[in-house]
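One structure is given below, represented as C-alpha cells, and several questions about it will come after.
The values are calculated or read from the model by the stated rules, or taken from the named source; none is laboratory data. Given the structure is predicted, the values throughout are model-derived calculations rather than measurements. Glycine gets a Cβ as well: all are built from the backbone with ideal geometry, and neighbour counts include every protein chain shown. Heavy atoms of the whole protein, side chains included, go into the accessibility calculation; ligands, DNA and RNA do not. Shrake-Rupley method; radii C 1.70, N 1.55, O 1.52, S 1.80 Å.
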Amino acid sequence: MNLSAGVTAFLVFCAVVFGTFAIVLTWEVLRDWMRRREVARRLRPMLGTSDGTQDLQSHDLIRQFEATESFLSALTDSLPGVDRTRRLLIEARSAWSVESFFLLSVGLGFGLGAATLVLTGVMPASVIAAAIGVAIPYFMVLRQRDGRVSRFEEEFPESIDLLTRAIRAGHPLSSGMRMVAEEGPPTVAEEFRKSFEEQRFGLPFQDALLGMVDRTNLVDVRIFAIAVLIQREVGGNLAEILENLADTIRGRFYIRRQLRVYTAQGRLSGYALAALPVVVGLLFFLIQPEHIGLLFTTTIGWFMVGVAVVLQVLGVLWIRSIINIEI
C-alpha cells in the first residue's frame, strides 16, 4: 500500500511539474517567435517586400498574443514582491520572464503539495511541501545571481586595469570600454558591451554608465561610475584614478575572502544546527514511525512542529546575521 502510494505520488508530481515546464517553454518559444515576427513585419515595408494579406494576418495574430501577454503581465504585477523578483531575474541574467517564473513556481508548488498529500494524506504537510516547491525557483535564481555577482567582483579589477592601460595608450574612454567589451573577462565584458552599444546608438554616456550600475547593483560598480562621471565634470588623470580604484577593489575583495575564512566555522556550525533537527526527525521516523507520527496527527503535535520551525528559522537568521559582515 505504501509502495503504491509512493508511486502514485511520484507520478502526480512528475505529471504536474513536466506539464508546467511544457507550458512555460511553449510560452517562451511562442513569445520569442511572435516578437521576431513583429520585427520582420515592421522591417518588410522598408525592404520593399511587403505582402499585404500575410502582413495583416501576422499583425492580427501578434495583437492577440500581446493581449494575452498584457493580461498575464497585469496578473503578475498584482502579486507581492514582483518588483524584487524582476530585479533578481535581471541581476541573474535569467532567460525566464517574470510571468514564466511565477508560473513555474506555482507549478512546482502545486506538484510537490499534491504529491505530499497523496503520499501522507496530511493537509498541513502538503501545504508546507507546496511552500517549499514555490520557493525552489526563487532560490535557484538567487544562487545563479550570487554566482554571477561573485564572478563579476573577481573579474572587475582586471577589467579596470585593461581600461586603464587603454587610456594610458591614448585611447578615449569609449574606446577603452569597447576594448573591455571585446577583450575583458566574460562576465564584466557583457556589461561593458551593453553600455558601449547603448552609447553608440545615441544614449548619453552618463545614462549608459548608470544603466550598468542599475543592472549590476554593486558597490564597486557604483564607485567606478561616480569616479568616471566626476572626472568628466572636473577633470583629472583618469588613468591614475582608475588604477587606485582597482587597487581599492582588490583590497576589499581580499578582505571579504579573509572574512569568509574567519567565519567558516560559524557557517559550518549554522549548517549543522539547521540540519540536525531534520536529520534526527527522519531517523526517529525510520526507527519508530508510530511515535514520531504523533507530531503530525495531533493538535499539540502540529503546534510543537510549528514552534520548532519558527525557532529554527529565527536561529538560522540570527547566525547568518552574526557571520555576515559587510565591508
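Pairs please, first residue from region 295-306 and at pLDDT 80 or above and surrounded by fewer than 14 Cβ atoms within 10 Å (Cβ to Cβ), second anywhere and assigned to a helix (DSSP H, G or I) and not aromatic (F, W, Y), Cβ atoms under 7 Å, 6+ apart in sequence or on different chains.
What qualifies is M304/L295.
Hey, V279 hits all of (1) free of Cβ contacts under 8 Å to residues at least 12 places away in the same chain; (2) of a type outside the set (D, E); (3) in contact with a helix residue (DSSP H, G or I) (Cβ under 7 Å, 6 or more places away or on another chain) but one; which does it fall short on?
All conditions pass for V279, except number (3).
Then there is this: Take L89 and decide whether it is free of Cβ contacts under 8 Å to residues at least 60 places away in the same chain and surrounded by 17 or more Cβ atoms within 10 Å (Cβ to Cβ).
Values: free of Cβ contacts under 8 Å to residues at least 60 places away in the same chain: yes; surrounded by 17 or more Cβ atoms within 10 Å (Cβ to Cβ): yes.
For L89, the condition - free of Cβ contacts under 8 Å to residues at least 60 places away in the same chain and surrounded by 17 or more Cβ atoms within 10 Å (Cβ to Cβ) - is met.
Of the residues S159, S105, S100, only one is modelled with pLDDT of 85 or more, among the hydroxyl-bearing types (S, T, Y), buried (at least 18 other Cβ atoms within 10 Å of the Cβ) and in contact with a Phe, Trp or Tyr (Cβ under 9 Å, 6 or more places away or on another chain); which?
The match here is S159.
Within region 123-134, can one find any residue that is open to solvent by 60 Å² or more (accessible area, probe 1.4 Å), within 20 Å of W96 (Cβ to Cβ) and in a helix (DSSP H, G or I)?
For region 123-134, residues open to solvent by 60 Å² or more (accessible area, probe 1.4 Å), within 20 Å of W96 (Cβ to Cβ) and in a helix (DSSP H, G or I): present.
Now a separate question. Given the criteria surrounded by 12 or more Cβ atoms within 10 Å (Cβ to Cβ), in a helix (DSSP H, G or I) and at pLDDT 85 or above, does A274 qualify?
Working: surrounded by 12 or more Cβ atoms within 10 Å (Cβ to Cβ): yes; in a helix (DSSP H, G or I): yes; at pLDDT 85 or above: no.
So A274 fails the test.
Scanning for something open to solvent by 20 Å² or more (accessible area, probe 1.4 Å), touching a residue at least 12 places away in the same chain (Cβ under 8 Å) and polar (S, T, N, Q), does region 180-199 turn up at least one residue?
Taking every residue of region 180-199 in turn, at least one turns out to be open to solvent by 20 Å² or more (accessible area, probe 1.4 Å), touching a residue at least 12 places away in the same chain (Cβ under 8 Å) and polar (S, T, N, Q).
Find the residue count for region 163-197, including only residues that are out of contact with any Ser or Thr (no Cβ under 9 Å at 6 or more places or on another chain) and closer than 14 Å to F224 by Cα.
Summing the residues that are out of contact with any Ser or Thr (no Cβ under 9 Å at 6 or more places or on another chain) and closer than 14 Å to F224 by Cα in region 163-197 gives 4.
Is it the case that region 168-177 has a residue that's under 27 Å from R87 (Cα atoms), without any contact (Cβ under 8 Å) to a residue 60 or more places away in the chain, open to solvent by less than 40 Å² (accessible area, probe 1.4 Å) and in a loop (DSSP other than H, G, I, E, B)?
No, there is no match, as no residue in region 168-177 is under 27 Å from R87 (Cα atoms), without any contact (Cβ under 8 Å) to a residue 60 or more places away in the chain, open to solvent by less than 40 Å² (accessible area, probe 1.4 Å) and in a loop (DSSP other than H, G, I, E, B).
Being in a helix (DSSP H, G or I), under 29 Å from the mean Cα position of the chain (by Cα) and of a type outside the set (S, T, Y) narrows it down to one residue among V280, V310, V305; which is it?
V310
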